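Peer 1: Pasting in a structure now, in structure tokens, and then I'll have a few things to ask.
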Amino acid sequence: MLISKYVYKFLPKTVFIKLRKVYRSGLKSLYKPLNEKEFRSILSEKLGIRKGSTVFIHSSVDFLNTDFDTLRLLEILVETVGADGTLVFPCWHFSYRAEDYLRSGQVFDVRRSPSVMGMLSEMARRWQGAERSLHPTNSIVAIGKHAAYITKDHHMDIYPCGELSPYYRAMELGGTVAGIGVDCMFMSFVHCVEDTLKDKFPLKTRMDEVFTTKVKNIDGNLAEVKTLAAHPMIRNNDIRTFVKKHISPEACSNIQVKGNRFFRADSRLLYSEMVKLAGEGITIYTKSW
């Protein structure tokens with residue numbers, strides 16, 4: 001268990017956040033910022049991203065130390081995958097529990113609701129030609145060749161990470177899951193296994209209630225979408241330890257370069273290993289479940 005986990009467990013959240021900011025500032029003063037050449041090298045050599053790649057990206061610009069801004073970061077990513085590639089980002093528009101949002105009566109506007117998943121995700125949402133899924137709790141934005149296919153049917157499945165989700169479709173295309181400024185602890189792709197196995201998954205990760213909520217589609221018209229919400233106990237997980245103990249380095253690896261955190265996962269291999277582990281009762285969830 002990492003020191004940060006002990007600190008988070010025993011100190012107030014506000015104190016933890018302050019200490020994390022101090023730690024982050026210390027790293028940035030210790031290392032020189034990554035320049036464009038170094039960053040491009042990390043993308044290709046460490047993360048395996050190249051022309052034609054489909055990449056599901058989790059990110060934190062605040063955790064990243066570069067000498068260029070967020071817009072340039074996105075431009076570099078677009079240039080790296082090229083015209084035949086596709087970039088995919090989580091684009092959720094609220095940061096509290098899904099069941100509370102779904103009971104609130106708020107309307108998700110696929111054109112206007114901003115992302116709360118970081119500056120890179122929000123800039124991807126605003127990118128010309130970007131496609132955003134109509135799912136009310138787990139919206140995803142995609143840029144590039146397969147963007148429409150990846151996002152178009154997300155709202156038609158009550159399981160947010162099921163077979164019609166961008167998670168599963170990006171995997172079908174042989175996609176990579178990558179972290180920029182974050183390690184695998186932030187990887188939401190892991191929930192795809194739960195929603196595809198459904199009742200065969202060893203733990204209950206969705207509430208029984210099927211919620212019906214209103215969304216505003218790309219034409220500005222209101223539509224109803226049905227979805228399940230995460231079970232309250234889904235918070236009791238430890239993805240980092242699960243990956244370290246049970247997942248092969250070929251399937252998922254954390255990477256550090258000059259104090260910057262990254263991760264790379266082969267979505268098909270990771271999914272396959274997680275399905276096998278689930279059959280043995282081994283999941284990302286902790287004993288406190």
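Nothing in this text is a laboratory measurement; each read-out follows from the coordinates by a stated rule. These numbers were taken from a predicted model, which means no experiment stands behind them.
Peer 1: Using modelled amide H (1.01 Å from N, peptide plane; none on Pro or chain starts), what sits under 5 Å from the amide H of Ile140, excluding residues fewer than 5 places away?
Peer 2: For Ile140, the qualifying residues are Cys91, Ser133, His135.
Peer 1: Further question: Helix by helix through the chain, keep the DSSP H runs that span 15 Å or more along the axis on Cα and average at least -1.0 on Kyte-Doolittle, and give those back in order.
Peer 2: Membrane-span-like by this rule: 13-30, 70-81, 267-279.
Peer 1: For a 21 Å ceiling on Cα separation, which of these pairs sit above it: Lys198/Lys276; Lys37/Lys244; Lys200/Lys276; Lys152/Lys214; Lys32/Lys244?
Peer 2: Lys37/Lys244; Lys32/Lys244
Peer 1: Which shape class applies to the range 134-235: rounded if a/c is under 1.5, otherwise prolate when a/b exceeds b/c and oblate if not, where a ≥ b ≥ c are the square roots of the Cα gyration tensor eigenvalues?
Peer 2: Verdict is oblate for the range 134-235.
Peer 1: Using all Cα-Cα distances in the chain, what percent lands in each 10 angstrom bin from 0 up to the longest?
Peer 2: 6, 28, 36, 25, 5, 0
Peer 1: Can you return the aspartates and glutamates within cross-link range of Lys245? Criterion is Cα-Cα under 18 Å, with same-chain partners fewer than 8 residues away left out.
Peer 2: Straight-distance partners of Lys245: Asp183, Asp266, Glu273, Glu280.
Peer 1: Can you give the % of DSSP beta bridges in the chain that are antiparallel, to the nearest 5?
Peer 2: Taking every DSSP beta bridge with both residues in the chain, the antiparallel ones total about 70 percent.
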